[in-house]
Amino acid sequence: QGFIWFIIAPAGQGKSIGFASLFERIFSDFQDHKRRYQPYPRPLPLVSAHLKESAGPNVGGLIDSFIRTEFAAHSRREFFNWLIDNRCGLLMLDGLDELITRDANFLEYLEDRVTTPYSQPGIIISMRDSLFETSDDLSNFIHDYAPFVSTFELKPWNSAALRLHAWINLEGRKPRPSEPDTASVSKYLVMLDKNPGLKSLTSIPFYADLLVQSNLTPLTGVELSEQDLIELAIEKMCSREYEKGTLDRDVFPPQAFREWLEEIAILSYQASGVSVQELRDLAGLAAVLASRDLSEDEQKKLVDHITMAPFFKKSDMSGRLELTHELLAEYLAASRFIDF
């Protein structure tokens with residue numbers, strides 16, 4: 001039903017995996033119909049990689065980039081739009097949240113597709129629920145064109161999904177029909193049931209993976225809270241940099257790294273990200289947190305290494321950097337505010 005389908009979910013819920021699976025199924029159907037000489041819309045996936053190659057951070061540049069990189073022949077934007085309007089092509093967008101909410105022309109583009117005479121477009125848009133719910137322009141568009149819009153939400157994992165996940169990770173297989181839980185699976189699920197907050201957090205696959213693959217399994221008898229799991233996520237991300245040799249514990253202790261990340265989180269929260277230069281300037285100040293005075297060469301290495309840590313992602317729209325995991329960024333900022 002409708003012409004535009006929004007698929008929304010929080011970060012870490014598996015939107016991109018679901019998007020890839022959906023594209024694979026649609027493309028398979030397209031190929032199958034093509035072999036039988038039957039019409040079927042070709043999926044046209046526009047992702048952040050196309051935005052990086054575009055002339056500008058806008059819908060027009062995005063489409064032009066897609067045409068250059070994905071079409072064998074040199075086609076015009078009008079032809080691309082014709083494919084969409086006549087449902088010869090199915091437009092699919094993923095990882096373009098900022099463009100959707102910040103480029104005013106994007107909603108105008110959707111409006112053109114819906115209102116073009118005799119148009120029957122098919123447009124699938126996958127995006128984070130936080131941006132979906134906070135964009136006034138997007139809300140107004142959905143209200144104005146409600147008969148043409150459908151919204152689907154990726155639900156958090158329920159008890160059945162958590163049980164299956166526990167079996168696969170703790171026992172290495174799926175349970176057989178009617179098979180009772182093993183001791184380890186049972187203890188794990190009981191632990192979650194005793195802590196609604198932790199169970200809610202593990203309904204997001206990222207955190208469920210983190211918990212079940214950690215050493216803090218129910219067999220250890222350790223009582224955990226959702227705060228413990230978030231702290232574990234931060235600790236794991238930091239520890240990885242020391243294990244790789246990127247950072248030296250004797251020069252830049254983990255606690256110093258944590259304090260620096262909290263400062264970045266606050267700045268990012270206040271200014272919707274940081275510029276590359278701001279990040280390097282703050283990395284330069286990190287030398288103050290070092291366990292000893294650093295030589296000029298050591299300071300340069302520290303700046304280079306700390307800015308390359310996989311905590312940051314770059315906005316394709318603004319070019320600003322932000323912490324990769326939204327929930328962790330909010331937690332780090334809150335931790336620093338509490339300390340003030």
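The values are calculated or read from the model by the stated rules, or taken from the named source; none is laboratory data. Note that this is a predicted model, so its numbers are computed, not measured. Positions of Cβ are generated from backbone atoms using ideal geometry, with glycine treated the same way; all protein chains shown enter the neighbour counts. Accessible surface areas use protein heavy atoms only, side chains included; no ligands, DNA or RNA. Shrake-Rupley method; radii C 1.70, N 1.55, O 1.52, S 1.80 Å.
For this structure, a couple of remarks:
- Subset of region 111-157 that is more than 26 Å from the chain's Cα centre (by Cα) and open to solvent by less than 40 Å² (accessible area, probe 1.4 Å) - its residue that is farthest from Ile63 (Cα to Cα): Tyr145
- Scanning region 88-110 for residues that are more than 13 Å from Pro43 (Cα to Cα) and either in contact (Cβ under 8 Å) with a residue 40 or more places away in the chain or open to solvent by less than 20 Å² (accessible area, probe 1.4 Å) (or both) gives Gly95, Leu96, Asp97, Glu98, Leu99, Ile100, Arg102, Asp103, Asn105, Phe106, Tyr109, Leu110.
- Test result for Leu107, at pLDDT 90 or above and in a strand (DSSP E or B): no
- Single residue of Ile17, Ile63 found to be at negative phi and crowded, with 19+ Cβ neighbours inside 10 Å: Ile63
- Filter result (assigned to a loop (DSSP other than H, G, I, E, B) and either without any contact (Cβ under 8 Å) to a residue 40 or more places away in the chain or farther than 12 Å from Ser119 by Cβ (or both)) within region 74-87: His74, Ser75, Arg76, Asn86
- Residues that are under 22 Å from Pro121 (Cα atoms) and acidic (Asp, Glu), drawn from region 44-77: Asp64, Glu70
- Scanning region 42-60 for residues that are in a helix (DSSP H, G or I), small (Gly, Ala, Ser) and surrounded by fewer than 18 Cβ atoms within 10 Å (Cβ to Cβ) turns up Ala49, Gly60.
- Output for region 140-172, where each listed residue is of a type in the set (Phe, Trp, Tyr) and outside any helix (DSSP H, G or I): Tyr145, Phe152, Trp157
- Long-range neighbours under 6 Å by Cβ, at least six apart or interchain, first residue within 18 Å of Asp94 (Cβ to Cβ) within region 19-39, second of a type in the set (Ser, Thr, Tyr): Phe19/Ser126; Phe30/Tyr40
This table checks each residue for (1) at pLDDT below 80; (2) charged (D, E, K, R); (3) crowded, with 18+ Cβ neighbours inside 10 Å; (4) closer than 24 Å to Ile338 by Cα.
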site: Lys244; (1), (2), (3), (4): yes, yes, no, no
site: Leu247; (1), (2), (3), (4): yes, no, yes, no
site: Gln255; (1), (2), (3), (4): no, no, no, yes
site: Leu261; (1), (2), (3), (4): no, no, yes, yes
site: Ile264; (1), (2), (3), (4): no, no, yes, yes
site: Ser268; (1), (2), (3), (4): no, no, yes, yes
site: Gly273; (1), (2), (3), (4): yes, no, yes, yes
site: Gln277; (1), (2), (3), (4): yes, no, no, no
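- Scanning region 158-167 for residues that are open to solvent by 40 Å² or more (accessible area, probe 1.4 Å) and not polar (S, T, N, Q) gives Ala160, Arg163, Leu164.
- Criterion violated by Asp293 - all others in (1) closer than 26 Å to Gln213 by Cα; (2) open to solvent by 60 Å² or more (accessible area, probe 1.4 Å); (3) in a loop (DSSP other than H, G, I, E, B) satisfied: (1)
- Pro41 meets the conditions (1) over 12 Å from Ile124 (Cα atoms); (2) under 16 Å from the mean Cα position of the chain (by Cα); (3) not aromatic (Phe, Trp, Tyr) in every case but one. The failed one is (2).
- Failed condition for Gly12, given (1) open to solvent by less than 20 Å² (accessible area, probe 1.4 Å); (2) outside any helix (DSSP H, G or I); (3) not hydrophobic (A, V, I, L, M, F, W, C): (1)
- Scan of region 173-188 for residues that are buried (at least 17 other Cβ atoms within 10 Å of the Cβ) and in a helix (DSSP H, G or I), ordered by number: Val185, Lys187, Tyr188
- Within region 121-139, the set of residues being assigned to a helix (DSSP H, G or I) and in contact with a helix residue (DSSP H, G or I) (Cβ under 9 Å, 6 or more places away or on another chain) comprises Ser130, Leu131, Phe132, Glu133, Thr134, Asp137, Leu138, Ser139.
- Qualifying residue in region 33-45 (condition: hydrophobic (A, V, I, L, M, F, W, C) and within 26 Å of Ser139 (Cα to Cα)): yes
- Any hit, region 199-221, residues being at pLDDT below 85, over 23 Å from the mean Cα position of the chain (by Cα), open to solvent by less than 50 Å² (accessible area, probe 1.4 Å) and not acidic (Asp, Glu): yes
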